[in-house]
Every structure is written in C-alpha cells, then in structure tokens.
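To start, the structure under review is shown below, and the notes come after it.
Please treat every number below as a calculation from the coordinates, not as lab data. From a predicted model like this one, the values you see are computed outputs, not experimental measurements. So basically every Cβ, Gly included, is an ideal-geometry build from the backbone, and we count neighbours across all protein chains shown.
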Amino acid sequence: MNQPLRLKQGGRIDRSKPMRFSFDGKQYVGYAGDTLASALLANGVRVTGRSFKYHRPRGIFGAGFEEPNTLVQLGSSALSEPNLKATQVELIDGLEARAVNCWPSARFDLMAVFRWLKPFMPSGFYYKTFIWPSWHWFEAVIRAAAGLGQSPQQPDPDHYDKRNLSVDVLVVGGGRYGLEAAIKAAEEGRDVVLVDDKSQLGGALLYEHQQLNGNSLVELLDRASKLSKLRVLTRCTAFGYYDHNHVVAVEMLSDSGLRQRLWHISAGEVVLATGAIERPIVFPNNDRPGVMLASAGRQYLHRYAVMAGRQIVIATNNDSAYEVALELQAAGVKVVAVLDARTNPDALVIAATRERGIRIEFGAAPSSTRGSSAISAVEWHRVDTSGKAQADTSNVIDCDCLLVSGGWNPTVHLFSQSGGSLRFDEILQAFVPAKSVQKERSVGAAAGTFDTPLNLQPLWSVDVSLLKRTPNYSWVDLASDVTEGDLRLAAREGFTSVEHLKRYTTTGMMTDQGKTSNVNAIGVMSTIVGRPAGSVGTTKFRPPFNPVTFGAVVGQHVGAYYQPLRRLPTDELQRSAGAVMEDYGGWARPAYIPIKGESEHDAIKREVCAVRAGVGIVDYSPLGKILVHGPDAATLLHRMYVNNMKTLKPGFCRYGVMIGEDGIVFDDGVLTRWDENTFQVGTTSGHAERVTEWLEEWLQCEWVDLDVIVEPVTTQWSVIMVAGPNARQLLQRLGMDIDLSAEAFPHMTARSGHIGDIPVRIMRVSFTGELSYEVSVPWSYGAALWQQLLKLGTDLDVTPFGLESLMVMRIEKGFLHVGTETEGTTMPQDIGFAEIIAKKADDFVGRRSTMTPEGMRRDRRQLVGLAAVDGATVLPVGGHLVSAEFQKPPHKTQGYVTSSAWSPTLGRPVAMGLVERGRERLGESLIVYSARSPKPVAVRIVELAAYDPKGERLHG
Amino acid sequence: MRYSALSIAINALSGHSNWKPAWRSPEPKSSYDVVIIGGGGHGLATAYYLAKYHGITNVAVLEKGWIGGGNTGRNTTVVRSNYFFPESAAFYEKSMQLWEGLSRELNYNVMLSQRGHLTLAHNRHQVEMSLRLMNAMKLNGIDSEWLEPDDLRKREPQLRLDGRFPVLGGLMQDRGGSARHDAVAWGYARGADEHGAHIIQGCEVTGFIKQGNRVSGVRTNRGDIVAAKVCLSVAGHTSELAAMAGLRLPITSYALQAFVSEPVKPIVNTMVLSPSTGIYISQTDKGEVLIGGGLDMYPSYAQRGNFHTVETVSAGMLEMFPAFSRLRLMRQWAGICDVVKDSSPILGPSPIDGLYLNCGFGTGGFKATPAGGLTMAHTLATGKRHPLIEPFGLERFTSGALIDEAGASGIAH
Amino acid sequence: MLKIDCPFCGVRDESEFRCGGQSHLIRPGPHGQVSDETWAEYLFIRDNPKGWHMERWQHIYGCRQWFNIARHTVTHEIRAIYFMTGQKPVIENDSSNA
C-alpha cells in the first residue's frame, strides 16, 4: 500500500505486519509499531484536526503526550473513547478514528466559519457580552459548539483493575537516566520499579544517538533484564504524585480481558527521569499543519521511519535542532534551510551541518507560513536579539514542513505535584526543580541536565510589529486556541498574574494541560510586561499528568462491586417467597412480601392484620448488636445513654436514647443486661458501626480508666422477630429450654437457652405493640430457624412480613424511628425524654448541650400524634404544619409530618409529626400543607399512640 | 468602559488595543474607612455594595495573592437556594435573586446558567426527606418541583435509575445552576473599582493594629493601614487571620476536591446531586464534566487533593453515570473549606470591636457571594447586622441556636 | 495518601484509618457547673493551625485503637505518633514546612 512519506528502511516498526485503519472515514494502512499519528503522517495526511474555538485546520505537532492538535475519537458506541491524542494511540488493525470537534471531517469542516469570527472573539469576550437579554439565550448554542469528542452513551463493557506496590525505589521514565538510576539501585539490592509510558524503554535513546558515554540502549536493556530486583512496567504512565511518596500510575493493557490497570506505588525514594518537552516558537501563522516540533520530526524519523515532510525547514534558537537536520539529511530527507534566531552561535554541530551543505541563516526567524491549508512555504525575516523582525528583510522558502525548536522545558509536572518548588533557570530559560519536599530527586533532562549545552537564546515570540502588514495570529496555546494577541489583551486589562492570565485566556487548560504552551505564555507575558520571565511566576501543576480514564480510577468498584448490599441470613428465602427487597441502611431487606400479584397496599394490609390477629415473623438480624463487657460496663453505658443504665437489672431490657455531645438525638435501641458485667447494646441497623465507634472513642479517648471491652456482634447472631398474640404459642413449639410464660418471661426481659444444641437468646421487646420476641441464634442457623417457624406455624397462619408493615405498626403505636421522627436539631426533650433526664442526676454525653438557651426554648418542636379531622385523609409525609388561617405560600411553618400511614388495624389514617410546642397543644387544629396534595388537610394534634395506648397487648 | 457586543466589534477594528484595565492597581493608602481582607468574591462584593448602597468608597480590599484565587476560583460553581430552614432560605434566596440580575448590574457576564439543580432520592426515606424539603421551600417562597423517574429520564438521559442506588425521584430547583467563578470576582472587582474602592493585590496581612479590644487597622507586607472597620473574608485562612487578632473560632479547615473530565459535547444537562453516592456532577459550558464529592478526611491547608477521595467519588459517579467510564479525568484540584458544626456561615461583628467576620461557609460559600457581600456591606456601613444575617452570628454557638441544614434535610451542603 | 505508622500494627495506608480531629480536648463538667461559654469553647472552638496539629486517629480497619498524631496541615508530614495518654510532643518549627 502507498505510504508516501514512509522510508524504505529503518525505524522500530514491523513492515511485515500491515495494519489497516480508518481516519475520518478514509481507509489507510500503517505498520505494527506505528502510532496513529505516525501512520497518518506516513500516509501524507496533513490536516488531522480542528482547533477548539476557531476550527482552524491543524496537523500533527508532537509525538507523545504533548500533542495539542490531533485529538481523535476511537471506536463506536459503548467502546467509543473521545479525545485521545493520536500520538498516544498505538495502531492496531481495524482501528477506526475520527477527528473530534469538526463536521464532517477535519479536512473539510463546516464549523470553520468560526475562523472568521476570531476578531470578535478575543480572550474573555464572553465576559463582555451575551449580557442582554441574558446569558441563557446564548448558552445552549455555545455549549453545543464547545466540547471536543462525544461521550459514549452505554455502560463500559471493559474491565479495569488496581494493584498496590511497595518498593524501595520508583523510577519514572525509562530513558537513559531513568534506566541508569534503576539499574544502579537494583544492583545495590534495593527493590526497584521502573515505569515508562511508551511501549518500549529507551526514551530519547530510541530516536537520538544510540551511543552515549559508552552506554548503548541495548547494553542498558540487557543489564536491566538481568536484575531480579528491577521490575519494569511499560505503557505505564505515572500521573499523580501524592503525599508520603505515593505515586499513582496507569498501565495500558492490550492482550488480556483487562483494559487498563491502576498502580498505587508507595516508594521509599522516587527518581524522576521524565525528560524534557521541546517548546515551540511563537510567530504568526505558526499553527498551520506541517509545523511541528523538531523533536517530534526526529522521533517520526527514527522510531517510525516517517518523513515529517519532503522539503523541511528548521527554525531554532538553540543547538539541539541541528542534530535533527543532520539526521534527516542522512536519512535522505531534504533539509532546505535552518533558520537560527541567534546571530553568532558557535558549535561543532553547526559546523557539521554547514559541512553537509545545509543552508543556515543566522539572525533569522520565521515570520509567517503560507499554504492553502497545510504549509507550502515559510516566510522569514532577520531578527535582532530580542526577536524583533527587521523591516525589508523578508524572504520566502518553499517547504512542506517546518520543524521548530524554541528550547526545552524539563518535565517537572510530577515534581511540582510532589510539592517541590521550581526556579527559573536563566541558561535554559526554563523552570527546573529547586527544592524537594518529599523523598525524591530529578535526574537528566527533568533536572535541567542536558548532555550537550543548548546554547539557547531566548525567543519567546517573533515580534513582527516593525513589518508593514496586516496582523496575523501568533499562537501560544494550540490546544486552547490562544494567541499572543490574547495575552496582550489580558495584560492590557490587568490580568498579568500567571493565574489570571491562565484563567482569562484559558491558556494551558486543555487536554494537554499546556505542555507546549505554559512556559511560552509566561515568556511572552514577560516580554509584554517587561519583566524577567522568572519573576512572572509559574502555576502549580495538578494531577493528572496525562488524562486517565475514570474506569481505571474506579477499577473493579463498579456494578455489583460498588458498595454491595448486605444480605440477611434469610435473603434467599425472602427472595424466593417473592419479597420486594429494598435498601434499608445498607441491607437488602423485604419491604413487603406480596402474594399472587398483591399491590403494596394490599400486602401491607394483610401482613399487618396477620400480626395483629395472629403471628408474623420478620428477619430482624441487621439491628446492631454490641456486647459491652467488663467491670465498668454499666458505668460506660450510663454515661453514653440518656437513660439510667446503672439501675438496669440482669435479665432485663431497657430502651435507651443516645445523643451526640451536641445534644442531638443520634440513635436508639434496647439494651439488655445479661449479667452484672455484660450488656448487649441494640442499635438501629444503619448505625451499628457508628455506635461501636462512638463507644470505642469515648472509652479510649476520654474515660481511659474504665475497664470495658466493646465487641460488635451484629453478624454473629441472626434475629427473627416473632410478633403477635400467637407468638408465644409458636415459640413454644421450638422446644426450647426457656419458660416462655408471661409470669416467667415478662415484657422487657431477656432469656438465654437452647434449641436442641443450638444456643438461643430471646428478648421480649416490642416494636409492633404486640406480644413480641426477638429470637437470636448463631448467624448460620438463621435460615433454618425461619423455615422451622414457618413449618411449625402453618396452622397458626404464621405470616412473614416486611419493613413497611413493621413501619405501619410502629406508627399506629406511636413509636418513633430515629432519623424519621428526629433530625439534625432534635433533642431528647423534644421526643418525650425530659422527665427521664430530670430524674437522672449524673452527667451523660451531650447532657450539657440540652441545657443551652436553645435547648430550654419553650417553642421547640415536639413529637406528637396527628389525626386528620375528616378521619379519612392519609397525611402526606413531609407536609408542613401551618396555622389554621393558611391560604397559600409563603407561610410560616410550625413543623411537619414525620410519619403517616393508613392503619388497617384502626381503619383510619395515623400520623406523627414534630410541631412547635406540640405537647402543650394537644387538641389544637392545624393545616397540613403539601405541594403535592390537591388541597390542604385539617389536622388535630393528638397523643402519639393511636393503637392500644395503654400498652396492654405487648404485656400479654 | 462599558462592555457590550458593540464595544467588542468596535475594538476589533483596532485589534483590541484600546481596552483599559478592568480595575486599577493602586498603592495602598495609610488609612481607609473600611479594610476588607480577602479579594475573593465575598470581599469584592462587600466593597462593591458598600459603595453602591452606602456611599462608602474609601475602601480597600487587600488580597495576599491575586483576586479570586482562593475558593472563589476553586469550587464547583453551584448556585441554588434549596434550603430547609427559613433563616437559610431567606439568605440564600436573596443571593439567588441578586445572581439573577448580576450580569446586567455589573455589566459583566457572570454566566449565570439556570440549568436546574436536581437532588436525587434513592430510597423511601430520601423521598420523604425531599418532600419535606420541597414543602419547606414552597412555604419559604422558593421554587421547587418533584420529578418522577420518567421525568428524570428525559432531563438526564445518562443517569442510571436502577443501579445500586435506584432513583425514586428527584427534587428540582429550576432556578438553580451555575455561574462562572472567575467572572464573579472580576465583575465585582471592576464594579468596586469603578466606584472608587482600592483593590490591592499582593498585599498580605501580617497582623492587626489593636488598642485594647478594638482593631484599628492592619499590618501588611506593604505597610500599616489604619481602618475604622476591618472585615475578614478569607475563606480557607480564617482561623489563622483571626488568631492574629486574638480570636479563636469554631472552625476546622478541610480540603474539598473537585475534578473535571476532558471536554465532551453536551451530555449532562443539570446539576445533579446524589445523596447516597455523595457525588454531584454537572457539565461546564466548555464541555468538561465537573465532579465533586465529600471533604477529604482530615484537616488540611494543602490546596491539593488526595487520590483516595478521587477514587471514591469517581466510583459514585460511574454508579450513577456508567457511560462515563471511558471519559478521562483531566484536572484535579482542591479548595480549603472552613467548616463549622452546623454548616451555616458566621456573618457579622466579632467579639473584637471593629472586626467583622464573613466566614464558615464550609463547602457552600460560592452561591452566597452576592448576599454575603450585600449583608456584610450593610453591617459594616450601619454598625447593625443586616436582618438576613441576624441568625448567623457567632453567638449561636454559645446559645446553641445552630442552623443545621445538613442535619435537617439529610443532604450534604 | 498518608502512610500512618499505627503504634500497634505498623505502617498502613490512610484508608484504614479515621481522623477524629483535634486531640487533648478537656471535657468540662459536671454538667451543672459548666457555663454556656465554657461548653461552647469545648464543643466547637478548635485550634485549626496552619502547621503542626495534634490530632487523634483510629485504626478503624485494623486494631481499632485510638492514638495521637502530630501532623503538619500544609505538608501533611507526620512527625510524631503517641498513645492517647501520652504527653503532647514539642515539635520544632522548621522552614521546610511552608
């Protein structure tokens, strides 16, 4: 196949393995070892992208993560991925790529009309306009025009993984200095990992001289491969450097079921051998396709055997580009001229270039490019040492490629992320690492060390102000579409600090994070404001160094592995019975268990009536269970609960309310004292962990003298609640060695015993208002107990019920539910505990907070029952209570409905709410307002318990 | 210099070479009527409203670095007024109303984008809490609307409704949305400057001039400045500055992270908050998907994030928006939030005479920028608290009258 | 990502721990003798320094023990780890902590 710019030989590609691919719908062929960018270049594709704002045609500019221009969308539908840099995409057979942000193609883009709007779109123009009639009128259009590629719209079918690594030394960058550092450390016996973002180690050795100080790449790789202490990860980009020498890297995987792997690397020492990034030269029309970094042209030549052009001009302000000129010529590529901005440079490489007959123009710099879309000629002028082009020195050279080198910026991103400070190096005219904060060192070009001096003369931008011609745009940031004029405008308007400059012009804010633009922007600003570049300052670099997929960041914590729901011991039994399982505090629990297509309402009605008239069972295992034992257990709990826990006798249960030190109700539950030194604390299911932590914190941090052990046992015991008038009858059939009679085992007591050999613990407590037992057996026996109860209770019509039925029953009974009847301001005195507090002499956690002026306020919201005046309307939960004079909002609220249900037992609605001074206002009428109700509902404040207010049934 | 499409067109003819600085850069004087420490949105807005409503123009805003460089430029730009308690509702709704006229008032496009702010409800309990909040908002005169899953499917097609945290509905404030953070600082700065206030960047306060229990000025790296009244609006540095004046505050500072994806074409329409996953997500006008979550877990003044939080928040994001797995994280940053117990601000005079506080907004100060400025200007000018901030005084920590929005609505603020 | 040297378990990643905030708080009491001001000071007022912070952490996904840490709130460097009953260490301020 025709690859017009491919050299016949050389490169690290495999010509025996052709790879077909498409770009913008056209078919091409490259080779194994190519990147998409090198293959496009080989095929002579010159316009490879469109710029972000103005849709100017752009070509391949770099060769790696620095690429600002060529962003592609790969694949389609669920496997589609936007915004990949073509220089980072390894070519595979069948690859489909499209340029982003253009339509229908990069070559012919209808959105290119934006080009002509550039004069009206200077930096920050949107702050000055779109004000009338309002931003809203313009925003949709602007949003649609912005953005680059398209997000996939289906879940990602691929998998991602994470690994942790703890090593003595992490080396980032597999070039010469990185390899040498890794080899040295491994030879000293240290555990070393070397990561490199490319598919092959070698860094610049892959395309620069193969022989340096006697260490050829082959030799280095050979030595490295023999070291068992050295682990190498290629295609692995270190992108984040965090506290305590923690570096995060992402590895591209191609040959397994995994797509990418995230590495968490904890290193004793980090060696940053990240090299340097060449920087462009800012001059008019420097964005034309065919303008490319000299180092990129060099990489394409050596790695991929691709000519960046057939007639190449090189523009530089330092020595490094001469090497490129020599190598290109040696490979048979015509180097038309080298334009060197320096007036009188002297170096061996320049002499060598001259000897080979390559034309060199000193004191010369490009002042424009020409061409219909890609470059066909470069215009240059004589420049003085400040980069000012001299009038009447215009020259034009035909070419199809202009390689530029404006100097080199050490890749200090990870160093900066580590917290290290940068300094401006006057010789390099670039930022280099100054002071380390973490255990880290930079080596090689990353530290500003270059093997041969660059002899650089600063050339921040070619100043064409003396030339009489219509101004053209000199691009500073190709990715963000920012020109020198934009920077000038920012400076004119006072946005001179680096951060203001960045934000006002958006320089450095694109997907390349300004890798080829940040330092030039600072340099250009320094010339505008007339201050040294070093004093303009630099921004801190933020992670990630290179964009990383969210898939890799998340790893396997997706789908079923994202916060899995906890399962009941009877989970399978519930599901096979058709239970509607919902998330209650992180547990999958049955909301209700419909039979034969019952509605939720009908199922709940049936379940409630079954419990009230006979017996029902519910898996109650998630309720928190914490054993608190030791000589001081009673003292600890007495201090932790509002209620008096010292007077609780062994074998008895007591309801307790726990509040925070801020006085706000935090949890409730039933505490059981098994013996003098052992309590079992019951918590709400959602707070089991939190209460354990809370007890531990007070025990270990405040009352360190107390002799107590806190032991969470929630998932050691399955609990089945057996409730209803026939509950005792059912339990008696289990054949336990426990006397269940009302006299021997009264309400609010607990007993332990056995079912056969199996230990069982029973608490006689009630959240339904019926005779009720909570029967605990070791967790793995929970399902068996459940099945046994169903079997034994067939004639009693034992009915499994769900949480929603339980809720209806506790609302009928006026029992509060923490988090529903309480919120972030509710104190124990608001829910009926004022008397209990008054009777307790001792301090407890949060007590002092209940005594503040706010705690003592007379008009606090208190928990009361609510009854619809019409006796029929179910009150809307979340509806607010307003005065009887209410007409329409806005209006002052006096509280709200916390719980509400239709009571199948009573045949009327029941409800509770928090109401200002509610306890004093029993009998008063109010209105419930809810935006979703057709009309306000009149209610009366009533006692909490609507069902069995005297509590006779639970004592039965 | 008035900004408009016409002014841009005219200036285009001269290559945009005639624009004037958006604000001056004066040398600090030795004395002002009011010194505002902190050139963020709140401080600049305070200066602006002092001039506009109270005729007080002998004002300096002292900024250690560059204006808008603190939390103003480091947040997720959410604007909303969906609050539960009447005290908060009144304050934040005032702010919302000011936002709605702000671009015109300042002649600076702050890009208020009322795309709607959506709070999801993932279970029955959250549905009940959402309805409680919705009715509270209605009674407070604030727009809110309950959306069923079918409505949500239309508004946010990429949102997963049947995942680990199913979506049973959502509370929408249509007037909620976002604004351009930098523009808020720059717009207020330009407005304050036009009225004569001095905006002084690179001026770090190093101490206070005190006589007894009275602050009568500040010491800075550019000399002492006398002022009858000093206002502290330095979110992220409040404890440190207050300590210089001898004041201890109920504040702990934490890093709050946010991050963006690479820009993509429109895919997220509203601002979505998912209480169970703890994430919020929106898309910037530029096309970046913007994601935030909870605070980093320990006190910090480091304006850099912790990767653990990024992993947790991203996992929540992919749970709700599974298609975004192949989008790429482009930039991560953190702001320092001054967190108080009840997640409501501290606004008004301090126990030290002459020293006023605007702090404690925690994670939610950006949306309050206009109201914070308006009410603090009133308080500084008249010596009396603006009625809207009476409940937000420092005394509430002693009286116990906290305004715990997070606790009340169950939704992180 | 902090590496925390649990005095009972050794060095572990921060994700195994929970930060409990400022340490060395003195709880006033008994409740009947504490003024609103004293209580508010204890409950709400915090040092919140930009610098060395004595704070307590729990190894929640490990031994569940609480202990104290001296940590710099800007650099996040950990300089001392000591038991709950230990004395507050004196940390020299050095210039590297800016």
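Put in order of Cβ neighbour count within 10 Å, fewest first, the listed residues A:V396, A:V313, B:V268 become A:V396, B:V268, A:V313. Applying 1/(1 + (r/R0)^6) with R0 = 30 Å to the Cβ-Cβ distance of A:E187 and C:V11 gives a FRET efficiency near 0.70. Is any residue of segment A:336-366 close enough, with backbone N under 20 Å, to a label point placed 7 angstrom from the Cα of A:T393 along the Cα-Cβ axis, and if so, which? Of the residues in segment A:336-366, A:337-347, A:359-366 have backbone N under 20 Å from the label point off A:T393. Once you have a ≥ b ≥ c as the square roots of the Cα gyration tensor eigenvalues for segment B:277-388, tell me rounded if a/c is under 1.5, and otherwise prolate or oblate according to whether a/b is larger than b/c. Prolate is the answer for segment B:277-388, as a/c is 1.5 or above and a/b outweighs b/c.
All other residues with a Cβ under 15 Å from the Cβ of A:A552 taken together, and with Lys, Arg as +1 and Asp, Glu as -1, what is their net charge? So the environment of A:A552 carries a net charge of -1. Annotation: average projected area of the protein assembly as shown is 55.2 square nanometres, based on the convex hull of Cα atoms across all directions. A helix-only calculation puts the protein assembly as shown at -6500 deg cm²/dmol for mean residue ellipticity at 222 nm, using -39500 (n - 2.57) for each DSSP H run of at least four residues, averaged over all residues. Helix B:369-382 and the longest principal axis of the C-alpha atoms of chain B enclose an angle of approximately 30°. By DSSP, the beta bridges lying fully in chain A are antiparallel in about 70 percent of cases. How long are the semi-axes of the equivalent ellipsoid of segment B:1-132, defined as square roots of 5 times the Cα gyration tensor eigenvalues? Whole Å, largest first. For segment B:1-132, the semi-axes come out at 35, 22, 14 Å. Each of A:F844, A:L803, A:T683 was placed along the dipole of chain A (beta-carbon charges, centred on the mean Cα), and the one lying farthest toward the positive end is A:L803. Model label sites at A:S199 and A:R908, defined 7 Å from Cα along the beta-carbon direction, differ in position by 8.0 nm. When the trypsin sites (Lys or Arg not before Pro) in segment A:441-537 are filtered for DSSP coil states and for at most 13 other beta-carbon atoms within 10 Å of their beta-carbon, the remaining sites are A:K468, A:R469. Plainly put, segment A:147-296 has a radius of gyration that is 1.04 times its Kirkwood radius, both from alpha-carbon atoms, as the Rg/Rh ratio. Given R0 = 56 Å, the distance between the Cβ atoms of A:T343 and B:S30 translates into a calculated FRET efficiency of 0.65. Near B:H54: Cβ cut-off under 14 Å, other residues only, Lys/Arg at +1 and Asp/Glu at -1. The net charge is +2. Find the percent of Cα-Cα distances in segment A:526-682 that exceed 24 Å, and round it to a whole number. Counting pairs separated by more than 24 Å, the tail of P(r) holds 65 percent. A Förster distance of 41 Å, applied to the separation of the beta-carbon atoms of A:V869 and A:Q787, puts the FRET efficiency at 0.30. For segment A:545-609, applying the loop criterion from DSSP together with a ceiling of 13 other beta carbons within 10 Å to the trypsin sites (Lys or Arg not before Pro) yields A:K596. Cross-link pairs exceeding 21 Å between alpha carbons, from the set A:K540/B:K367; A:K118/B:K286; A:K540/B:K20; A:K935/B:K94: A:K540/B:K367; A:K540/B:K20; A:K935/B:K94. From largest to smallest, the equivalent ellipsoid semi-axes obtained for segment A:792-866 from the alpha-carbon gyration tensor read 35, 15, 10 Å. Distance between the 7 Å Cα→Cβ label points at A:A145 and B:S4: 2.1 nm.
Looking at the square roots a ≥ b ≥ c of the eigenvalues of the Cα gyration tensor of chain C, which shape do they give, rounded for a/c under 1.5, prolate if a/b is larger than b/c, or oblate? Oblate.
Helix B:307-320 and the long axis of chain B differ in direction by around 40°, with both axes built from C-alpha atoms. Residue separation of A:S752 and A:S216 scaled by 0.36 nm, minus their Cα-Cα distance, works out to 185.1 nm of gained length. By the equivalent-ellipsoid construction on the alpha carbon gyration tensor, segment A:526-566 comes out with semi-axes of 47, 9, 6 Å, ordered largest to smallest. Here segment A:765-825 and segment B:339-363 have alpha carbon centers that stand 47 Å from each other. For segment A:692-776, GluC sites (Glu not before Pro) are listed when DSSP marks them as loop and at most 16 other Cβ atoms sit within 10 Å of their Cβ; the list is A:E743. The residues neighbouring A:D398, those whose beta-carbon lies less than 12 Å from its own, together hold a net charge of +1 under the Lys/Arg +1, Asp/Glu -1 convention.
Computed from label points 7 Å out along Cα-Cβ, the spacing between A:E600 and B:S399 is 4.2 nm. Compared with the alpha-carbon gap, the fully stretched path from A:W703 to A:E885 is longer by 60.2 nm at 0.36 nm per residue.
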